[in-house]
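Below is one structure, written out as structure tokens, with a few remarks after it.
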Amino acid sequence: MPPPVFRFAPSPNGHLHLGHAYSALLNFDRARETGGRLLLRIEDIDATRCRPEFETAIDEDLAWLGIAWETPVRRQSEHLADYRAALEKLTARGLVYPAFESRAEIARLVAAREADGPWPRDPDSAPLYPGDAKALAAGERSRLIGAGAPYALRLDMTAACQRVAGLTWNELGEGPDGERGTVAARPEAWGDVILARKETPTSYHLSVVVDDALQGVSEIVRGQDLFHATSVHRLLQALLGLPEPAYRHHPLIRDADGRKLSKSDRSTGLRELRAAGVTRAGIRGLVGLGQVSLGVSKTPP
Ligand code: GLU
């Protein structure tokens, strides 16, 4: 049996906070416990928000925490051809269509539907895309693309779910409602998700699935905020013929008011805590990991 493969996959769009430390340390501890490998993946496809200095800061903060990872690090922005190839596979299967509406136009389409009663929302509480662009004639699509109109490439969820039914995943951790063990995937709850945009041949969902497969990740340890997204990931894995990893979702670290931590809140930032004299052992204590048997507390901060 090859050793299990874990990954920590931050986006370099800000500094890491205690929640990231918890996720990264859980991955590191799991890799140590199982004799597995730990990879670092930089999820930097959003060129407008990601910056190289944040990636440098991620490296520094993880090293300070005592975490070691394999190199080379996979940087998503350097692998767009891999995502494009996956997108082409889905397109060839007739599962992708361009949608030209702006955010404001989508909001108007949803509001018009809501006049007739409640309109479904996805697990993150955003209204589902109403699917209007699916009805555009091929000629009209080509005309708009030729005219340089911006567009998003969306997954035809109904068609995709007809190809693969009965998907599940193995949850080694716990979902927000205590889900564990064999969990039934419900990708249809997300509607026609965006897989790519005119200027970017990928999206979070597509690149995470392609990368986890290309990197041979066998156990995905990440926050419960991504638990429901796993349904979309399982669907894409099945459509693309990719292997199925196990998932271990962990609870989120929350602030005193019970809110998810944010990269902009300095009181829980790792750099700020370090500057305030908190040690790496202190960070483990703050996220409830104790000293475990890794000898981390013996290493000077
Ligand atoms: N890049 C994502 C984030 O920073 C995590 C992706 C994942 O673990 O699947 O929230």
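Any residue at all in segment 267-286 that's farther than 20 Å from Q76 by Cβ, touching a Pro at 6+ places or on another chain (Cβ under 6 Å) and either more than 12 Å from the ligand (Cβ to nearest atom) or part of a loop (DSSP other than H, G, I, E, B) (or both)? Checking segment 267-286: at least one residue is farther than 20 Å from Q76 by Cβ, touching a Pro at 6+ places or on another chain (Cβ under 6 Å) and either more than 12 Å from the ligand (Cβ to nearest atom) or part of a loop (DSSP other than H, G, I, E, B) (or both). So, I58, is that one within 12 Å of the ligand (Cβ to nearest atom), over 21 Å from L289 (Cα atoms) and without any contact (Cβ under 8 Å) to a residue 60 or more places away in the chain or not? So I58 fails the test. Entry remark, segment 1-28: residues being within 11 Å of the ligand (Cβ to nearest atom), in a helix (DSSP H, G or I) and aliphatic (A, V, I, L, M) number 1 in total. Return the residue satisfying two criteria in turn: it lies in segment 176-206 and is small (G, A, S) and either part of a strand (DSSP E or B) or within 15 Å of the ligand (Cβ to nearest atom) (or both), and of such residues it is farthest from A85 (Cα to Cα). Residue satisfying both the conditions and the ranking: G181. Per the listing A31, A81, A85, A63, the residue uniquely of a type in the set (G, A, S), within 16 Å of the ligand (Cβ to nearest atom) and in a helix (DSSP H, G or I) is A31. Return yes or no: is R49 under 18 Å from the mean Cα position of the chain (by Cα), in a strand (DSSP E or B) and within 16 Å of the ligand (Cβ to nearest atom)? Answer is no for this residue. Of the set (1) at pLDDT 95 or above; (2) away from the ligand (no atom under 12 Å from the Cβ); (3) within 30 Å of D255 (Cα to Cα), all apply to T71 but (3).
Step by step: first the residues of segment 232-265, then only those that are among the hydroxyl-bearing types (S, T, Y) and either surrounded by 20 or more Cβ atoms within 10 Å (Cβ to Cβ) or within 13 Å of the ligand (Cβ to nearest atom) (or both), then the one that is modelled with the highest pLDDT. Which residue is that? Going through the qualifying residues, I end up with Y247.
The values are calculated or read from the model by the stated rules, or taken from the named source; none is laboratory data. None of these values were measured; they are calculated from a predicted model. Ideal geometry is used to build each Cβ from the backbone, glycine not excepted, and the neighbour counts take in all protein chains shown.
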